[in-house]
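Please read the structure below before turning to the comments.
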Amino acid sequence: TGHVTYDPGFVNTAACASAITYIDGDAGILRYRGYPIDQLAGKASFLETSYLLIYGELPTAEQLAEFSGRIRLHTLLHEEMKQFFDGFPRDAHPMAVLSSAVSALSTFYQDSLDPFDPEHVEMSTVRLMAKVPTIASYAYKKSIGQPLLYPNNALGYVENFLRMTFGVPATEYEVDPVVAQVLDMLFVLHADHEQNCSTSTVRLVGSSNANLFASVSAGVNALFGPLHGGANQAVLEMLQAIQAEGGDVKSFVRRVKDKEPGVKLMGFGHRVYKNYDPRAAIVKQAAQDVLNRMAKPDPLLDIAMQLEEIALADDYFVSRKLYPNVDFYTGLIYKAMGFPTKMFTVLFALGRLPGWIAQWREMITDPTTKIGRPRQLYVGPTERAYVPMDQR
Ligand code: CMC
């Protein structure tokens, strides 16, 4: 109490000390546990990266096999949990289904909810890593009216998710190895990003000693918004809208600069990066590679590249240090892989999951953690007397 600092949006406030992810926004640097993102992307697998984030060190081959093996044991969803998917309307947004289902996990696994019991935390960690891809694919299957597939644990983490999403029963499904490899790399790029909106949410909810499922479910909801993870969906919708209006990129940029209400260049700008988002550079290359493999290139890639080129040369964007962020090109890749637009932010959630878990675990074991409880500047009326109803 006493002196209160006013910092809307926490622009200058560090809410915790963390040893997980380092960002230098001016230099465009991102490191997980000290390892530069461009060294991890394409070399470390998603599960390897998850292990690094959660346990602090790169795993040995043995440690990774053990970690993957434990996750593999828990990919099934409880049979009763499937009824959840029937209860939602067919056109439900899969992010809403995902957050509900993650929250519901805490009703099935009441044996592992104590945040201060390391074994419970370990169980919840493994269950989340294992079941979130199953939930994500079921949310999609329900939306298109197809039957749910059981996980095939002979497959790798990402391959299994792809098969449950795009496969159908009694039919061989060949996972395209290039698709699996690129998706795995995109998950690595999304795996953590220090104290962003959803991660801060996970920590804030967890700071009340709420369990890991409850905290991650809240993180999914925070990620849903278009200024955060929802931006990847919003970017694709923006590109499609520009295309539908004849592909006039310049006039769209003019509307952005005129600050027309609700018109922003989605996939541009970042609270911390005042330079090219290092993830976006990797994604842009992957987008070009994936889209060039397709028989018919997606004209939206051309619109995106024009937008970027115009924006990077325009004083409005240059003076505000607005560069493409991770969401600018990912949607084009997801679209090329066959994911519907509504699933894009779910893919972001799959990638961010180990980061949320690692940050929650760091928070819960940090002796300096206190319940998150911001202060305010009160700007309402001063004291006034109650007016009886008949005198108002
Ligand atoms: N298009 C047009 N103008 C923008 C944009 C944009 N995308 N982003 C920021 N600005 C302008 C903003 O209007 C402001 O201008 P002025 O100084 O004239 O008022 C200036 O740039 C500073 O922006 P801000 O809103 O104060 O910046 P912030 O740090 O509060 O917001 C942001 C960061 C990411 C929410 C914002 O840049 C944005 O809305 N971008 C579009 C949505 C998006 O792509 N989000 C994904 C972020 S990266 C991954 C993730 O978190 O999911």
Test: residue in the range 217-239 that is away from the ligand (no atom under 12 Å from the Cβ) and assigned to a loop (DSSP other than H, G, I, E, B): no
Search result, residues across the range 265-279 that are touching a Leu at 6+ places or on another chain (Cβ under 6 Å) and among the aromatic types (F, W, Y): F268
Subset of the range 282-301 that is within 16 Å of D327 (Cα to Cα) and free of Cβ contacts under 8 Å to residues at least 60 places away in the same chain - its residue that is surrounded by the fewest Cβ atoms within 10 Å (Cβ to Cβ): Q285
Selection within the range 1-30 - among the aromatic types (F, W, Y) and exposed (fewer than 10 other Cβ atoms within 10 Å of the Cβ): Y6
Scope the range 314-333; condition under 16 Å from the mean Cα position of the chain (by Cα) and either within 14 Å of the ligand (Cβ to nearest atom) or more than 28 Å from A101 (Cα to Cα) (or both); matching residues: N325, V326, D327, F328, Y329, T330, G331
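Tell me, which helices (runs of 4 or more DSSP H) lie completely within the range 72-182 with 3 or more residues that are surrounded by 14 or more Cβ atoms within 10 Å (Cβ to Cβ)? Walk me through it before giving the result.
Numbers: elements: 82-87, 94-108, 118-144, 157-166.
Fully inside the range 72-182 and qualifying: 94-108, 118-144, 157-166.
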Every pair of residues 6+ apart whose Cβ atoms lie under 9 Å, when the first sits in the range 254-273 and is free of Cβ contacts under 8 Å to residues at least 24 places away in the same chain while the second is near the ligand (Cβ under 6 Å from one of its atoms): V263/V256; K264/L227; K264/V256
Verdict on V283 being β-branched (V, I, T), within 15 Å of the ligand (Cβ to nearest atom) and not in a helix (DSSP H, G or I): no
Failed condition for K259, given (1) outside any helix (DSSP H, G or I); (2) within 23 Å of the chain's Cα centre (by Cα); (3) within 12 Å of the ligand (Cβ to nearest atom): (2)
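Just so you know, all these numbers are worked out from the coordinates, no wet-lab data involved. Predicted model only: the values in this text are computed from it and were never measured. Because the Cβ atoms are built from the backbone with ideal geometry, glycine has one as well, and the counts that use them run over all protein chains shown.
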